[in-house]
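Asker: Below is a structure I'd like to ask you about.
Read-outs throughout are calculated quantities, based only on the coordinates presented, and are distinct from any laboratory measurement. Predicted model only: the values in this text are computed from it and were never measured. Note that we place each Cβ from the backbone using ideal geometry, even for glycine, and neighbour counts take in every protein chain shown.
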Amino acid sequence: MKTIPVRLKIDPYDIVVGNGILSKLGGRLKSLNIGTNAVIITNPAVKKHHGKVLISGLERDGFSVKVLEVPAGERSKSAKSAFRLMEQIARYDQLKKIFIIAFGGGVVGDLAGYVAAAYKRGVPYVQVPTTLLAQVDSAIGGKVAVDLPFGKNLAGAFYQPKVVWSDTATLTTLPQRQIRNGLAEIVKYGVIADKEFFQYVAGNYKKLLDCDPRALEHVVWHSSRIKRDVVVADERETKGLRSILNFGHTIGHAIEAAGKYNHYHHGEAIALGMRVAADISCQKKMCPKHDVESLNEILSRIGLPQRIEGVKTSDILRFMRHDKKFLAGRNRFVLMARLGKVRLVEGVSPDMIHRAVRSCQ
Ligand SMILES: NC(=O)c1ccc[n+]([C@@H]2O[C@H](COP(=O)([O-])OP(=O)(O)OC[C@H]3O[C@@H](n4cnc5c(N)ncnc54)[C@H](O)[C@@H]3O)[C@@H](O)[C@H]2O)c1
Ligand SMILES: [Zn+2]
């Protein structure tokens, strides 16, 4: 078990990463002294695979446990689900000291975190992420949200958990497509911050796809540290430092939206977005070609998409122009300087963007 302290000025917390630590969460919660009545928000698949281990561990440590379920899928990240959950919690929460456990992937994490932030103007919560993407990305950084019909994550807050508890053993029940999805973000961390880590992932991708416990623990731990470093430097996204996390996301988000959020998973769209961003970096002659080839090669080996298929270029470009990362209509891209280093570049010419998108078709 390894601990990564997140040293925020207000509300510091730890990320704990380990293989088979789910049953030990109760011990940590006791020392945090956040209450005795746990409300677990989860979904049926996660409960089926891992609920028993978590719940029996908590009960053994003296907690009472209430489980609330939402259906799997992004549609549960809605205002309607959030308010339904708050009503269920209010009905249960009499003469109790409740706290919330977000037990699932990024959908459950964002939703349960939002509920924790809003219910009674904030009750304590902990993140127990069970997808690779959630362990390396969404559970870290305190961004919680639900979607509105007008767009994703439009109602949200910064609200820090009391602990992030990442048990890599929970990942063994994930479908391969979800492992690949998380690996896209892990490759991104290598590109934006750490060439050696990139090389580790490139050298161990087969083990990672096979859910080798040591390899998984290593990449979750290392990625969590990279994300921690970025969010601690720019907790509320006011200094522009967090923007490096958006490598591949400008085009990636547009590809996701153009596919109506059901054609590509997030990581798949981000993999395509990274290919496009890398191509722009090459066109601008700001990055060695060899580094771009290494990136494309590892994405292909992992089995992430190589070509943009099934979505229209005109839709991608239209969604991109509405990106909230663009300031006053001027586009901004995180581009590669080399493996391990990226730069924020404004005002990339539309021609260059078109060429880069076409290079991935
Ligand atoms: N808050 C942030 O900073 C942040 C960052 C990135 C992404 N996100 C959000 O995260 C969400 C995507 O998260 P995700 O990729 O984890 O998807 P997800 O939460 O939908 O989970 C993917 C699927 O895996 C299943 N699942 C989860 N754990 C499992 C397990 N251990 N075994 C078997 N099946 C399991 C789920 O039931 C679901 O069907 C999006 O809503 C995105 O906006 C948030
Ligand atoms: Zn992402």
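Asker: If the limit is 20 Å between Cα atoms, which of 2/24; 48/143; 143/312 go over it?
Answerer: On the way: 2/24 13 Å; 48/143 27 Å; 143/312 31 Å.
Long pairs (Cα-Cα over 20 Å): 48/143; 143/312.
Asker: Cα centroid distance between region 1-80 and region 116-186, in Å?
Answerer: Each part reduced to its Cα centre gives a spacing of 12 Å.
Asker: Rank the residues 121, 225, 330, 358 as a footprinting-exposure proxy: fewest other Cβ atoms within 10 Å of their Cβ go first.
Answerer: Numbers: 121 6, 225 19, 330 9, 358 12.
The order, fewest Cβ neighbours first, is 121, 330, 358, 225.
Asker: Hey, another quick one. Just tell me which aspartates and glutamates come within less than 19 Å, Cα to Cα, of residue 9; anything on the same chain fewer than 8 places away is out.
Answerer: 229, 234, 235, 237
Asker: Rounded, prolate or oblate for region 296-361? Axes are the square roots of the Cα gyration tensor eigenvalues, ordered a ≥ b ≥ c, and the cut-off for rounded is a/c under 1.5.
Answerer: Note, shape of region 296-361 comes out oblate.
Asker: If you count the DSSP beta bridges with both ends in the chain, what percent of them are antiparallel, to the nearest 5? Can you show the working numbers first?
Answerer: Working: 17 of 40 bridges.
The answer is about 45 percent antiparallel.
Asker: Taking H as built 1.01 Å from N, whose amide H comes closer than 5 Å to the amide H of residue 20, not counting residues under 5 places away?
Answerer: Counting only residues 5 or more places away or on other chains, the set is 168, 169, 170.
Asker: Under 13 Å from the Cβ of residue 100, count the other residues' Cβ atoms, weight Lys and Arg +1, Asp and Glu -1, and hand me the total.
Answerer: For residues surrounding residue 100, the net value is +3.
Asker: Taking θ as phi - 60°, what are the ³J(HN,Hα) couplings along region 82-88 by the Karplus curve (6.51, -1.76, 1.60), each to the nearest whole Hz, with x for Gly and Pro?
Answerer: 4, 6, 5, 4, 5, 5, 4
Asker: Turning to a different aspect of this structure: Please work out whether the chain counts as rounded, prolate or oblate from its C-alpha gyration tensor, where a ≥ b ≥ c are the square roots of the eigenvalues and a/c under 1.5 means rounded, while otherwise a/b larger than b/c means prolate and anything else oblate? Please report the intermediate quantities before stating the final value.
Answerer: Details: a/c = 1.93, a/b = 1.60, b/c = 1.20.
Prolate, because a/c is 1.5 or more and a/b exceeds b/c.
Asker: Among rounded, prolate and oblate, which fits region 52-120 when a ≥ b ≥ c are the square roots of the eigenvalues of its C-alpha gyration tensor, a/c under 1.5 means rounded, and a/b larger than b/c means prolate? Don't jump to the answer; show the numbers that get you there.
Answerer: On the way: a/c = 2.23, a/b = 1.30, b/c = 1.72.
Because a/c hits 1.5 or more and a/b fails to exceed b/c, region 52-120 counts as oblate.
Asker: Net charge near residue 263: determine it from the other residues with C-beta under 14 Å of the C-beta of residue 263, scoring Lys and Arg +1 and Asp and Glu -1. Write down the numbers at each step before the final one.
Answerer: Values: positive: 177, 260, 307, 312; negative: 74, 256, 268, 309, 315.
Summing Lys and Arg as +1 and Asp and Glu as -1 gives -1.
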